[in-house]
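*Asks:* Provided herewith is a single structure, encoded as structure tokens, for subsequent inquiry.
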Amino acid sequence: MTRVDHRLTENFLTFAQGGKILVASTMLVRSPSGAEAEVAIAVHADYRHKGVAWEMLRHVARYAEAKGVKILQSLESRENHEAIELEREQGFVAKAYPEDRALVLIQKELQPS
């Protein structure tokens, strides 16, 4: 998830204090068909619990819908209760991830325009 082509992959950066501090990096990677996408969010430790991840997930979900994505998903550690709860609050559903019992597949059906 390090290459951005602005067609199937996009990276959203969030800055604070006049652009001096990188607060969050949010990556969206769409499948070749564009119907499914995976989102990953990393937030600077000093900015956690301040709504940054919440807003970035909302923003990326809207962006994905506008691009025609039907299923938005992420993989979370079963131990990452905060992230799983945040995603559930936004309508995502947690499912078992059969390839790795330590992970949970979180997904949401979108309504592309």
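None of the figures in this text is laboratory data; all of them are computed from the coordinates on show. Note that this is a predicted model, so its numbers are computed, not measured. Note that we place each Cβ from the backbone using ideal geometry, even for glycine, and neighbour counts take in every protein chain shown.
*Asks:* Going by amide H atoms built from the backbone, whose H comes under 5 Å of the H on residue 110, apart from near neighbours?
*Replies:* Distant-sequence amide H within range of residue 110: 71, 72.
*Asks:* Lys and Arg at +1, Asp and Glu at -1: add these up for the other residues within a Cβ distance under 15 Å of residue 103 and post the number.
*Replies:* -3
*Asks:* Further, regarding this structure: Within segment 9-109, how many Lys pairs sit with Cα atoms under 21 Å apart, leaving out pairs fewer than 8 places apart on the same chain?
*Replies:* Count of close lysine pairs: 5.
*Asks:* Please name which of 69, 45, 18 has its Cα lying farthest along the dipole of segment 9-109 towards the positive end, using unit charges on Cβ (Lys, Arg +1; Asp, Glu -1) and the Cα centre as origin.
*Replies:* 18
*Asks:* Tell me which GluC sites (Glu not before Pro) from segment 1-93 have a DSSP coil assignment and no more than 16 other beta carbons within 10 Å of their own.
*Replies:* Loop-located and lightly packed - 79.
*Asks:* Could you give the dipole magnitude of the chain about its Cα centre, charging the beta-carbon of Lys and Arg +1 and that of Asp and Glu -1, in debye to the nearest 20?
*Replies:* In debye, rounded to 20, the chain gives about 260.
*Asks:* So what's the convex hull volume per residue for the Cα atoms of segment 43-113, in Å³?
*Replies:* Spread over its residues, the Cα hull of segment 43-113 gives 92 Å³ apiece.
*Asks:* From the phi of every residue in segment 30-36, what ³J(HN,Hα) in whole Hz does the Karplus formula 6.51 cos²θ - 1.76 cosθ + 1.60 yield, where θ is phi - 60° and glycine or proline is x?
*Replies:* Result, ordered by residue: 8, 5, x, 6, x, 7, 10 Hz.
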